[in-house]
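Here is the structure we will look at.
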Amino acid sequence: MKSSDHPKGGRRDLPDRVAPAGSRKPADDHAPAVPLARPLGDLLRTADAGEEGRKSYALIEALYPICRSITGEGLRQSLRLLQGTVPLELHEVASGTAVFDWTVPKEWNIRDAYIKNAAGERVVDFQRCNLHVLNYSVPVRRTMSLAELKPHLYTLPETPDWIPYRTSYYRETWGFCLSQRQLERMEDGEYEVCIDSTLEPGFLTYGEYLVPGATTDEVLISCHSCHPSLCNDNLSGMAIAARLASLLRGLSLRYSYRFLWIPGTIGSIAWLARNEPVLPQIKHGLVLSCLGDPGPFTYKRSRRGSAEVDRAAEHVLRHSGHEFQVVDFTPYGYDERQYCSPGINLPVGCFMRTPNGRYPEYHTSADDLALITPLSLGQSLMQLLRVIHVLDENGRFMNLNPKCEPQLGRRGLYRQMGGIKDAAVREMAMLWVLNLSDGEYDLLEIARRSGLEFSQVAEAARLLGSSELLAEVR
């Protein structure tokens, strides 16, 4: 593993000038304009949602048995496993490091834990389910009565067959989580209690991978990676982030894409504290969570409320054919809370299916491999690819023939339109783009006002640019 500074680059401000549509300026201001590759559009046409769903599910199956936490070897093991899909880099922050108002905690590791009855039988066994231990429990080895033990036991009486997920990161204590039925079967008597764990100075570990683009401006993709055997929250986010990074690798992209696999809350705080010089480069961002269940899609807006990423996600979902909801920002949820804190205020939204706390299996042993499906994972990944496609190809343009409509026929644009129905849509898209390309409206707003899909508007802009009727505003 490696402890290192992150790549740093200066902020790139785009001046108000125009360049031919169909080209993008590379990061080097002195380099010549290069043709605008359209790999994301090609990828969307060729990506197999079913295959991507199966690959994501297979990753989750491999990650599922590992006991993760906000620090420790389980987290490192999980990140190393993801390196088989994408060559992410491991970074470490020492315990005791001040990160804004927080301090990186001691590192926690666990080898075994159990409760044995008088007959020597393990009535609660960490080896059978790693949720059985209160995450971050200090070590303990004692014999005690059931009455003494009960204050350290956590159950869910309303769902008596499920084991709860509980943590105590910042208060040193110990405990066990078990089903209500297990508790009811425990008879009065003496029990041997063992938690073979360590809590000592070490490191907080996170994974990071940067997919370089033509500019140093970035899109941030972040997911929390600290939960143990919980599939939807958030092995689904971890796996889909890895598959997205793998798909974007090697493509010719406008933005650079920074992927983070971090411990919840303390991980994003630590990353932000260590990377303040990078923050001006982040133009858009998404937190990924709860992407494997069969529920409707949910997009939670950034604190800004109408950032470009907010508009892009809503547009994609509105044209997806799937049930969805878009909700306003609240300071409760996942790491968007940190990215959207007032002193940071990055344009970062949260992309989910059923939100945290809104499905009964949330933070219980029932959030298992049966709750998620390859179909749901594949659908989630495809919608995220479409959001990325919108962000990467959006822009503002200037009509270079603004006085009345240009004659499209003599430029051969009508002849490129194919069938009658297809031609009508493309013609309407070109008329909308020509009319609203005054340097004020971006393609995403043109798509919203026209009711067309972004891909249709972007294709119209490409055709008009190739005929020198349109130029991108810089």
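A compact table of results
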item	result
The chain: antiparallel DSSP beta bridges as a percent of all, rounded to 5	65 percent
Helix 49-63 vs. the chain, principal-axis angle (Cα, 0 to 90°, nearest 10)	30 degrees
Size of charge dipole - segment 232-343 - debye, nearest 20, with Cβ of Lys, Arg +1 and Asp, Glu -1, no other charges	400 debye
Spatially close lysines, pair count over the chain: Cα under 30 Å, gap of eight or more or interchain	16
For q = 0.14, 0.16, 0.20, 0.27 Å⁻¹, Debye-computed log10 I/I(0) when each Cα of segment 396-473 counts as one equal scatterer	-0.38, -0.50, -0.79, -1.40
Angle between the chain longest axis and helix 374-393 axis [Cα atoms, degrees, rounded to 10]	40 degrees
Cβ charges +1 (Lys, Arg) and -1 (Asp, Glu), total dipole of the chain, debye	1200 debye
Positive-end extreme of charge dipole, segment 396-473 - chosen from Ala460, Leu434, Leu413 (charges on Cβ)	Leu413
Cα shape, segment 107-200, gyration tensor, a/c 1.5 rule	oblate
Tilt relative to the chain, helix 420-436 - C-alpha long axis, 0 to 90 degrees, to 10	90 degrees
Relative contact order, percent, segment 329-464 [alpha-carbon distance under 8 Å, six or more residues apart]	20 percent
Extension gain, Glu187 back to Ala118 (0.36 nm per residue minus Cα-Cα distance, nm)	23.9 nm
Positive-end residue of Leu291, Gly267, Cys194, charge dipole of segment 189-297 with Cβ unit charges	Leu291
Relative contact order for segment 147-196, counting Cα pairs under 8 Å that sit 6 or more residues apart, in percent	37 percent
q = 0.17 Å⁻¹: log10 I(q)/I(0) that the Debye formula gives for segment 185-321, counting C-alpha atoms only	-1.07
The chain, relative contact order [Cα under 8 Å, separation at least 6], %	19 percent
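Computed from the coordinates by the stated procedures, all read-outs in this text should not be read as laboratory data. As the structure is a prediction and not an experimental result, all values here were calculated from the model. Quick reminder, even Gly has a Cβ in these numbers, built from the backbone with ideal geometry, and neighbours come from all protein chains shown.
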